[in-house]
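Report on the following structure.
The values are calculated or read from the model by the stated rules, or taken from the named source; none is laboratory data. Model, not experiment: these values are computed from the prediction. Neighbour counts are summed over all protein chains in view; Cβ atoms, including those assigned to glycine, are modelled from backbone coordinates with ideal geometry.
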Amino acid sequence: MNYELQNFPNPFNPSTTIYFNLTTEKTENMELVIYNLKGQKIKSLPVILSDAQHRIERRGHNNKYSIIWSGNDQNNNPVGSGIYLYQLKVDGKAIKTKKMMLIK
């Protein structure tokens, strides 16, 4: 299994699009989790791969998807400027983690 993960723009304000590329058939129980640098969970975004709005490209078994994060926490409150980590999880296991920066 291979998972590519990136966001654009980075740094961002007010939102960023997180792209991930899957080269596997396993797509159940996926989520994208946003953390602050203290390791506190800010937001959990469920990945619904069957939803056409998330699918941006399909070539064979190589699927690209995107999710927009608007810089809000789980309660929909805006978060402050800073560095955040985003992590793709499958079946509760971290697959890949990257950094992004929110500038207000």
Q) Name the pairs whose Cβ atoms lie under 8 Å apart, with the first residue in the range 75-94 and crowded, with 17+ Cβ neighbours inside 10 Å, the second in a loop (DSSP other than H, G, I, E, B) and among the small types (G, A, S), and 6 or more positions between them or separate chains? A) V79/G71
Q. Restricting the search to the range 55-87, which residues are modelled with pLDDT of 85 or more and in contact with a Ser or Thr (Cβ under 8 Å, 6 or more places away or on another chain)?
A. S66, I67, I68, W69, S70, G71, Q74, L85, Y86, Q87
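Every residue, every condition in (1) at pLDDT 80 or above; (2) under 14 Å from I95 (Cα atoms); (3) under 11 Å from the mean Cα position of the chain (by Cα), yes or no:
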position: M1; (1), (2), (3): no, yes, no
position: E25; (1), (2), (3): no, no, no
position: M30; (1), (2), (3): yes, yes, yes
position: G39; (1), (2), (3): yes, no, no
